[in-house]
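Heads up, the thing below is written out as structure tokens.
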Amino acid sequence: MSKLGNLGARLHRGEISYDFVGKRKIWYGVSILITITAILGLAVRGLNMGIEFQGGAVFTTPTGMSTSVAQAEEYANEASGHQSVVQKLGNGSLRIQIAGIDTGKSDQIKQDLAKDLNLDPEKLAADLVGPSWGEQIANKAWEGLAIFMVLVVIYLAIAFEWRMAVAALIALIHDITITTGIYALVGFEVTPGTVIGLLTILGYSLYDTVVVFDSLKEQTKDITKQTRFTYSDIANRSINGTLVRSINTTVVALLPVAGLLFIGGGFLGAGTLNDISLSLFVGLAAGAYSSIFIATPLVADLKEREPAMRALRKRVLAKRAQATTEDDLAEARSDGDDATPAVVGPRNQPASRNRGRGRTPGKRR
């Protein structure tokens, strides 16, 4: 068996473990710090919304253009008065995207841009996106996300319990906040592909969380009938028991996404891959973190507030304290076995007074 497989088996059997739940305040602090950074990034820089959300125009040149990307970007900025994004496609043509412009001005922008590029205006293809259509797409995206969240909470509340549903919802909000904050800090464009990526990573995050919750639900059945473990103890065992599986699942999912992001978008220059690959990469990593360090510890916190769980904790701690005392006494007795015990004779026994006198009590000569 491999070392990782052996480690996973030992974690599953409870032979070794790491106290994730006991150190939950550290993980909460780390998550709060990352979330504050993400919110500040959103507040200061904001999201770079794509043309599908803002409206604008996309111009595509014929193949075999000799104009550089930087030069075409300068021409587009001068013609439109807005910041443009220019990409060189695989066939040698240029894709010039200008967001936030009025569609009524697109014809004039097209004429000026074609003149600067030494092209016939008829050969410069134009696709227009109205701002109302972009706003409609944005609203649909938010509606889809809200519906997804509601369905997740309802399902988890039915399949498990409301505390697990609340913990999973907080973990999902945590993942979305971090992912959107990274988008704001990096400055990548937000497109419909980004929304698809967000919905995808929520599914991955829920998968890891549900795996731990299912193990926790099974192990806490009839928990109040025993006095060996508290709810937090079993929650920690559930995390450790599924830890290697969660790591393997996350790594296998991250490797192809990293290929899209760093090789496809970075080395090969396929910028359109960045839209979905960044959200997937950040979201998968954040989802694995939240399922281990946030969701399950939150469930333990909520459950430990129940009267039954508080009473169980008192019984478990009292039993452990008693066992510790008994162990100390046993150790003290074992330490005293090396000394020779003193011989103590009988005291206050009636026959001892006549011992050695050669008489039988009650007889006279």
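Could you tell me which of the pairs Lys25/Lys140; Lys25/Lys319; Lys88/Lys140 are separated by over 29 angstrom between their Cα atoms in the structure shown?
The pairs that break the limit, which is 29 Å between Cα atoms, are Lys25/Lys140; Lys88/Lys140.
Considering only protein heavy atoms, what per residue accessible area in square angstrom results for segment 131-230 with a 1.4 angstrom probe?
50
Just to make sure I understand: if all protein chains stay in place, what is the order of Tyr155, Tyr204, Tyr231 by accessible area at 1.4 Å, largest first?
So the residues, ranked largest to smallest area, are Tyr155, Tyr204, Tyr231.
Top to bottom by accessible area (1.4 Å), largest first, where do Glu74, Glu304 land?
Final ranking, largest accessible area leading: Glu74, Glu304.
Mind listing the long-range amide H neighbours of Val190? Cut-off is under 5 Å, sequence gap 5 or more, other chains count too, H placed in the peptide plane at 1.01 Å from N.
Asn48, Met49, Gly50
Tally Lys and Arg at +1 and Asp and Glu at -1 over the other residues with C-beta under 13 Å from the C-beta of Val129: what net charge comes out?
That works out to -4.
Please work out how much accessible surface His82 shows to a 1.4 Å probe, ignoring ligands, DNA and RNA, in Å² rounded to 10.
Accessible surface of His82 is approximately 70 Å².
Taking a ≥ b ≥ c as the square roots of the eigenvalues of the Cα gyration tensor of segment 64-203, is the shape rounded (a/c under 1.5), prolate (a/b larger than b/c) or oblate?
Verdict is prolate for segment 64-203.
First select every other residue whose beta carbon is under 11 angstrom from the beta carbon of Val190; then total the charges, Lys and Arg +1, Asp and Glu -1. Could the numbers behind the result be given before it?
Values: positive: none; negative: Glu52, Glu189, Asp275.
In short, -3.
Quick one: net charge of Leu47's neighbours, Cβ under 15 Å, K/R +1, D/E -1? All intermediate terms of the calculation are to be shown ahead of the outcome.
Values: positive: Arg45; negative: Glu52, Glu135, Glu189, Asp275.
That sum, taken over residues with Cβ under 15 Å, equals -3.
What figure, in Å² to the nearest 10, do you get for the accessible area of Leu198 with a 1.4 Å probe and non-protein molecules left out?
30
Of the heavy-atom accessible surface of segment 140-251 (probe 1.4 angstrom), what whole percent is carbon and sulfur? Mind dumping the intermediate values first?
On the way: 3460 of 5090 Å².
In segment 140-251, the share of accessible area belonging to carbon and sulfur is 68 percent.
The values are calculated or read from the model by the stated rules, or taken from the named source; none is laboratory data. On a predicted model such as this, the values are computed, not experimentally measured, just so you know. A quick note on method: Cβ atoms are made from the backbone with ideal geometry, for glycine too, and the neighbour counts reach across all protein chains shown. Keep in mind that these areas ignore ligands, DNA and RNA; they rest on the heavy atoms of the full protein, side chains included. Shrake-Rupley method; radii C 1.70, N 1.55, O 1.52, S 1.80 Å.
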